[in-house]
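Peer 1: Following this message is one structure expressed as structure tokens.
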């Protein structure tokens with residue numbers, strides 16, 4: 001009789017263990033994760049890394065002449081005249097205040113600003129014939 005009770009207790013313990021394992025698989029601990037992350041709600045915010053940008057002005061070109069930024073992104077902008085006389089202006093709301101005049105090669109101006117609203121913002125040299133020769137660029141804000 002003692003042997004039968006012993007086997008019965010072992011059977012009950014094994015049954016309990018099986019039920020525990022099954023219940024664990026049904027909890028979130030063992031559920032399969034979704035293949036794609038859940039959508040981000042509009043109230044969530046992310047900090048953007050500051051952009052450190054250097055624009056070089058050469059006779060006949062601006063490098064880089066195309067920049068892509070995120071709306072509201074912090075920008076540390078350096079504009080350097082590599083040769084010649086230049087007068088760089090930026091067009092569009094939020095950037096029209098930004099301009100840089102250079103009389104000598106090697107002159108540098110630095111600005112700290114935040115990217116404006118989404119859109120395309122053009123910049124160019126307004127010295128005679130400079131824009132037509134390639135001294136222009138665009139900032140795309142996403």
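Every number here is computed from the coordinates shown, using simple stated rules; none is lab data. Small disclaimer: the values here were computed from a predicted structure and weren't measured. All Cβ positions, even for glycine, are placed from backbone atoms using ideal geometry, and neighbour counts span all protein chains on display.
Peer 1: Between residue 101 and residue 66, how many nm apart are label points set 7 Å from Cα along the C-beta direction?
Peer 2: Simple spin-label model gives 3.3 nm for this pair.
Peer 1: When you take every Cα atom in the stretch 51-141, what is the radius of gyration, and what is Dmax, the widest Cα pair distance, in Å?
Peer 2: 12.2, 34
Peer 1: Please report the relative contact order for the stretch 51-141, taking Cα pairs under 8 Å with a sequence separation of at least 6, and give it as a percent rounded to a whole number.
Peer 2: 36 percent
Peer 1: Further, regarding this structure: Report the label-to-label distance for residue 112 and residue 4 in nanometres (one decimal), using points 7 Å from each Cα along the Cα→Cβ vector.
Peer 2: Each label point lies 7 Å from its Cα, and together they span 8.8 nm.
Peer 1: Continuing with this model, one more query. Using alpha carbon centroids, what distance separates the stretch 65-87 and the stretch 91-127, in Å?
Peer 2: Their Cα centres are 6 Å away from one another.
Peer 1: Take residue 75 and residue 120, extend 7 Å from each Cα along the Cα→Cβ direction, and tell me the distance between the two endpoints in nm.
Peer 2: If labels sit at residue 75 and residue 120, their model points lie 1.6 nm apart.
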